[in-house]
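One structure below.
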Amino acid sequence: MELVLSLAIGIMTASGIWLLLRPRTFQVIIGLSLISYAVNLFIFSMGRLRMNATPVLTSAGVGEPALYDDPLPQALVLTAIVIGFAMTALFLVVLLASRGLTGTDHVDGRERR
Amino acid sequence: MGGGMLILLMLLPFAGSVLVALFRSNARNVEAWFAGAVAVAGLILAILLYPSVADGGVVRSEIQWLPAYGLNFTLRMDGFAWMFAMLVTGIGLLVVVYARYYMSSEDYSVPRFFSFFLAFMGAMLGIVLSGNLILLVVFWELTGIFSFLLIGYWYQNASARDGARMALTVTGIGGLGLLVGVLLLGHIVGSYDLDKVLASGNIIRLHPLYLPAMLLILLGALTKSAQFPFHFWLPNAMSAPTPVSAYLHSATMVKAGVFLLARFWPVFAGTEEWFWVVGVAGLSSLVLGAFFALFQQDMKGLLAYSTISHLGLITVLLSLGSPLAAVAAIFHMMNHATFKASLFMAAGVIDHETGTRDMRRLSGLFRYMPFTATLAMVASAAMAGVPLLNGFISKEMFFAETVETHLKSTLDTVTPYLAVVAGLLSVAYSLRFIHSVFFGPPPRDLPREPHEPPQWMRFPIEFLVLACLVVGIVPGLTVGPYLHAAVVGVLGPETPPYSLAVWHGFTVPLLMSAVALAGGVLLYFMLRNYLATSQEGPPYIRHIAGNRIFERILVTLSWRWARLAEAFLGTRRLQPQLRLLVLIALIAGSLPLYRAGAAAGILPTIPVDPVFAFIWLLGAICAVGAAVRAKFHRLSALILLGGAGLVTCITFAWLSAPDLALTQLLVEIVTTVLILLGLRWLPKRRDDPDPMSVGTRARIRRYRDLALAVAGGVGMSFLAYMMMTRPATRTLGDYFLRYAYTEGGGRNVVNVILVDFRGFDTFGEIAVLGVVSLSAFALLRRFRPAADNVEQPHQQKIQDAYDEARPDRQTGDTLSDYLSVPSVIMHWLFPVIIVLAVHLFLRGHDLPGGGFAAGVALAIAFILQYLAAGTRWVEDRLRILPLRWIGVGLLSAALTGMGSWLFGYPFLTSHSQYADLPLIGKIPLASALLFDLGVFLLVVGATVLVLIALAHQSIRSHRTDRFVATLPKEDA
């Protein structure tokens, strides 16, 4: 499982970096989304993989850490998902505004000479 | 009691400044009265504080600010600070009166003037009253900023702007030096408290960091006091309104430098380094300032150089390291403030009444304004050091101190001679100031007919000149006790016996004074004819003016070098920047791995589930496919991106993170809708051209990017695998697991972390979300589509043409036919999704769900309605006010956080309890739930705001469409 997930993270990162370096704004926004998936999975995997465990406490009272998945990376990733959404939204709007202003969808706001 | 008065004294001018700024723009009288009242109140407070500081007492007031960093809001007043507080408020009051008449009644920005003036007064009081070094630097910089604003008050005037900028740059650089110096000092002493620093003189002088700390602090003091070689900003600051010069450049701002020197005198002085650095700077300023002053043609320019010279005198006295010299320095600070302020005001009166300050054009004004002339003569005589005036006494003390040899060196030997030369020059320029302006033939073709100023404009000058006289005749009776308080404030137990008598018998200093007086008169009459017609500045060296050098350096640094650096090191293109960023990240990531010798960990891996592997095979195909198709096939790239997102979501669910899976799924939907809405505004792209047709350079670029991408991917895989096969160190997570229920009152630990343990982070995050959605909204309000997107899309045209061709159909029918079944489902789902959102929200504390997920779910419910029936249909029936959702959400989160203050707990401490509801049973009722409600509302508002704003663009475009249709052909 670890190997599969690592490869998945690597492939998504590579696709993301490739798109990040492309000249069209739409490519960059897709690339950033792919990179954020990869990074979220990466942060999440820092809690180590565990199946059929849950961060939801099954009993009231003081929790026994050994029984549960590490909740901290999950909380971080949850935040990251929401902020990633905000970033995508803002980038999309900036992209559209720049396209409207300059008439091109090149990342520099003008076509390459 | 005393402490409270100190704080009041400190706050008054700033509060006054804010209030004055709100006054009507032509209320010159009201503003002057108000500013005057503030100054009077400050003066009264200072006077009331005198008994507490008279005999070496210190008034302190300390408010904790950042105690962990040794940074407290400490105010401290001793005799010396008291003397300065009196000068700042007293002369401030006089200048306010003067400015009331000086500022034109047609000047509609007078509130700005008085507002800056009071703020400057506050900053200056801050410097003298600070009991903490860092606080002192803060006020120091504030004086710099407000002096910038005051010097540049007539910003229409290029010389005012330049002068202001130069003053700010020079004193600002000094201020940075001071900050670093003070940090070093704090490091040496171990505290930033002024009292502690002043008590650690020996430690400081013997510390290896003594020299750098001293030099840096001197950089601050010497730039502020316009000492050589930083003197050039002061003459350029003369383009300020004269009340500003009278206040800043005689009594306050430039005195801040010598104030600092005197303040740190007990800890720094007495070493050879101090003597040399301070002494050389002071002596050069003393002599050069006086020399330059003699050759000025502008009255204010003469006074400015004379100020440099007199401050040089004070600096020399402070360099000597003898307590008696320090007494003379403090005394001269007072005296210089009185006579120089009155002279500046007199110069302002002449400028105001004649229209010029050029001494070549002015002459014989005595017959027009005899009263002002007499006042100016007395003040000039004090500046020259004529007996029976206050300037004489401190100058005598100065001469006496230079004759005393403190350290055996050439500098000591030449000091008395240079002192006499400077005295002689100061007599000459003082005489010139009077003689060329008030005597001689009547002036010809002045811009205005000269006459006496209004009585109250003269009053401040009268008052100050009277002070010069009284102090000069009976010093011991008038300023004696106050000077003593100030001296004790600086010197403490080291205070030497001194006498303030006018007559000390026939002594060497008296002889020096006599030589200076006679020589000065002689020199003036020798140079008189030359000066009457000469150019501005001294002969020969007028061309190497300091300000030219300064400008040259500034241009070189901030323009030439900056442009060179940009040309060689920078690019305005995004791609190279991103490429560099990726490359640096790669190197920074692999270097430590390479050094540490990376290898996989020892943790046993979980056996691969074939289903999981297959899902990720799909995921990988989606990711790579999105990368390949993003250029020419945007829609399919977007769908593939969604595929990759779904696989990520499944992975979260698979690996025991239901919360993440839920949120990821919902966010995925919203993101896809968002980008879909944006697709319409992107340019049409031709079909995939032949890949072989691109040039070699482009191909090389692509291979390079591919190599970077692959390297990045491999690196991430490697890193992830290595981490996952190493045992985890869980400390924080275990803490959260243990106490989530007992302290947070919830079983869903992730949710408890978000809304309780790390609630403050979440608060920041939702604030960011709100800000982002508002920015997106604002950007879209100004959105204008590109020319090729203005028309309706191709498909819509076909549909509409079909509808229009048939009489039984209306435009848009085809579209609604297509969506008729889905739209019914979407309408029916509306209440279902709302219930789901409420459910997710309510169970969030104990089970997967929570404010974020619920918020996004509700946003999806709204957006589905838009999709189902179109923007107009929805908005006719449903009023969603996303801005209010955002506002209420943020407020409710903040208020919940603040609620804990009522119970004496820190911000966002949560309280949990279970409540019994009939029918439903026991439900958890943590205050964190209220916080989560805020999160929920804000997420709904922010998401809906962006989506609606984007959706509205399609309606707006039709408007633009019509607009274009009405334009003449060639414009369209």
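The values are calculated or read from the model by the stated rules, or taken from the named source; none is laboratory data. Nothing here was measured: the structure is a model prediction, and the numbers come from that model. Please note: Cβ atoms are built from the backbone with ideal geometry, for glycine as well, and neighbour counts cover all protein chains shown.
Looking across the stretch B:184-225, the residues that are surrounded by 19 or more Cβ atoms within 10 Å (Cβ to Cβ), over 21 Å from B:Phe73 (Cα atoms) and of a type outside the set (A, V, I, L, M) come down to B:Tyr210, B:Gly220, B:Thr223, B:Lys224, B:Ser225. Any idea which of (1) more than 7 Å from chain B (Cβ to nearest Cβ); (2) surrounded by fewer than 24 Cβ atoms within 10 Å (Cβ to Cβ) is the one A:Arg24 doesn't satisfy? Looking at each condition in turn, A:Arg24 falls short on (1).
Exactly one residue out of B:Leu93, B:Leu142, B:Leu125 is without any contact (Cβ under 8 Å) to a residue 60 or more places away in the chain, assigned to a helix (DSSP H, G or I) and in contact with a Leu (Cβ under 8 Å, 6 or more places away or on another chain): that is B:Leu93.
Does at least one position in the stretch B:725-744 carry a residue that is more than 7 Å from chain A (Cβ to nearest Cβ) and in contact with a Leu (Cβ under 8 Å, 6 or more places away or on another chain)? Looking for residues that are more than 7 Å from chain A (Cβ to nearest Cβ) and in contact with a Leu (Cβ under 8 Å, 6 or more places away or on another chain), one finds at least one in the stretch B:725-744, hence yes.
Yes/no matrix, rows are residues, columns are (1) among the hydroxyl-bearing types (Ser, Thr, Tyr); (2) under 27 Å from the mean Cα position of the chain (by Cα); (3) at pLDDT below 95; (4) under 29 Å from B:Ser104 (Cβ atoms):
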{"residue": "B:Gln227", "(1), (2), (3), (4)": "no, yes, yes, no"}
{"residue": "B:His231", "(1), (2), (3), (4)": "no, yes, yes, no"}
{"residue": "B:Pro235", "(1), (2), (3), (4)": "no, yes, yes, yes"}
{"residue": "B:Thr271", "(1), (2), (3), (4)": "yes, no, yes, no"}
{"residue": "B:Leu286", "(1), (2), (3), (4)": "no, no, yes, no"}
{"residue": "B:Gln296", "(1), (2), (3), (4)": "no, no, yes, yes"}
{"residue": "B:Tyr305", "(1), (2), (3), (4)": "yes, no, yes, yes"}
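Out of all the residues in the stretch B:881-907, which are within 18 Å of B:Leu933 (Cβ to Cβ), more than 31 Å from the chain's Cα centre (by Cα) and part of a loop (DSSP other than H, G, I, E, B)? Result: B:Leu881, single match. On the given criteria, is B:Val628 within 9 Å of chain A (Cβ to nearest Cβ), among the β-branched types (Val, Ile, Thr) and within 16 Å of B:Met716 (Cα to Cα)? Taking the combined requirement at face value, the residue does not satisfy it. Checking each residue in the stretch B:703-736 for being touching a residue at least 40 places away in the same chain (Cβ under 8 Å), surrounded by 14 or more Cβ atoms within 10 Å (Cβ to Cβ) and among the charged types (D, E, K, R) picks out only B:Asp705. Being within 7 Å of chain B (Cβ to nearest Cβ), among the aromatic types (Phe, Trp, Tyr) and surrounded by fewer than 24 Cβ atoms within 10 Å (Cβ to Cβ) is a property that A:Tyr68 has. For the stretch B:481-494, the condition of being within 30 Å of B:Ala711 (Cβ to Cβ) and of a type in the set (A, V, I, L, M) holds for none of the residues.
Selection over the stretch A:33-65 of residues that are β-branched (Val, Ile, Thr), surrounded by 20 or more Cβ atoms within 10 Å (Cβ to Cβ) and facing another protein chain (nearest Cβ under 7 Å) gives a count of 2. Listed by first and then second residue, the pairs with beta-carbon distance under 8 Å, at least 6 apart or on different chains, first residue in the stretch B:646-670 and free of Cβ contacts under 8 Å to residues at least 24 places away in the same chain, second surrounded by 22 or more Cβ atoms within 10 Å (Cβ to Cβ) and hydroxyl-bearing (Ser, Thr, Tyr), are B:Gln664/B:Thr648. Selection of helices (runs of 4 or more DSSP H) fully inside the stretch B:744-846 by the criterion of at least 2 residues being surrounded by 13 or more Cβ atoms within 10 Å (Cβ to Cβ) and either under 50 Å from the mean Cα position of the chain (by Cα) or among the hydrophobic types (A, V, I, L, M, F, W, C) (or both) returns B:749-752, B:759-781, B:820-843. Scanning the stretch B:572-599 for residues that are more than 9 Å from chain A (Cβ to nearest Cβ), closer than 16 Å to A:Leu20 by Cβ and of a type in the set (S, T, N, Q) yields one hit, B:Gln577. Return a yes/no flag: does the stretch B:61-77 have any residue that is outside any strand (DSSP E or B) and crowded, with 24+ Cβ neighbours inside 10 Å. Looking for residues that are outside any strand (DSSP E or B) and crowded, with 24+ Cβ neighbours inside 10 Å, one finds none in the stretch B:61-77, hence no. The helices (runs of 4 or more DSSP H) located wholly in the stretch B:441-547 that include 3 or more residues which are out of contact with any Cys (no Cβ under 6 Å at 6 or more places or on another chain) and touching a residue at least 60 places away in the same chain (Cβ under 8 Å) occupy B:455-473, B:480-491, B:508-533.
Would you confirm whether any residue within the stretch A:78-85 is hydroxyl-bearing (Ser, Thr, Tyr), at the interface with another protein chain (Cβ under 7 Å from one of its Cβ atoms) and touching a helix residue (DSSP H, G or I) at 6+ places or on another chain (Cβ under 9 Å)? The answer is yes, given that some residue of the stretch A:78-85 is hydroxyl-bearing (Ser, Thr, Tyr), at the interface with another protein chain (Cβ under 7 Å from one of its Cβ atoms) and touching a helix residue (DSSP H, G or I) at 6+ places or on another chain (Cβ under 9 Å). Scanning the stretch B:423-440 for residues that are among the hydrophobic types (A, V, I, L, M, F, W, C), in contact with a Gly (Cβ under 8 Å, 6 or more places away or on another chain) and either free of Cβ contacts under 8 Å to residues at least 60 places away in the same chain or in a helix (DSSP H, G or I) (or both) yields B:Leu424, B:Leu425, B:Val427, B:Ala428, B:Leu431, B:Phe438. Across the stretch B:350-382, the qualifying residues are those that are more than 42 Å from the chain's Cα centre (by Cα) and of a type in the set (S, T, N, Q), and the one among them that is modelled with the lowest pLDDT is B:Ser363.
Looking at A:Leu101, is it more than 23 Å from B:Asp761 (Cα to Cα) and more than 7 Å from every other protein chain (Cβ to nearest Cβ)? Yes; evaluated as a whole, the condition is true for this residue. Do we find that B:Ile602 is in contact (Cβ under 8 Å) with a residue 40 or more places away in the chain and more than 10 Å from chain A (Cβ to nearest Cβ) in this structure? So B:Ile602 passes the test.
Determine whether B:Glu396 is outside the structural domain of B:Tyr98 (by TED's automatic domain parsing) and under 22 Å from B:Gly289 (Cβ atoms). Yes, satisfied. For the stretch B:473-498, give me each residue that is out of contact with any helix residue (DSSP H, G or I) (no Cβ under 7 Å at 6 or more places or on another chain) and farther than 30 Å from B:Val197 by Cα. Result: B:Ile473, B:Val474, B:Gly476, B:Leu477.
Among the residues of the stretch B:673-686, those identified as more than 9 Å from chain A (Cβ to nearest Cβ) and outside any helix (DSSP H, G or I) are B:Arg680, B:Lys684, B:Arg686. Applying the set (1) in contact with a strand residue (DSSP E or B) (Cβ under 9 Å, 6 or more places away or on another chain); (2) small (Gly, Ala, Ser); (3) within 30 Å of B:Ala854 (Cα to Cα) to B:Ala623 leaves exactly one unmet item: (1). Here the stretch B:384-408 is the region considered, the condition is being of a type in the set (Ser, Thr, Tyr) and within 45 Å of the chain's Cα centre (by Cα), and the residue that is farthest from B:Gly476 (Cα to Cα) is B:Thr402. Number of residues in the stretch B:514-537 that are under 48 Å from the mean Cα position of the chain (by Cα) and either modelled with pLDDT of 85 or more or among the basic types (Lys, Arg) (or both): the value is 3.
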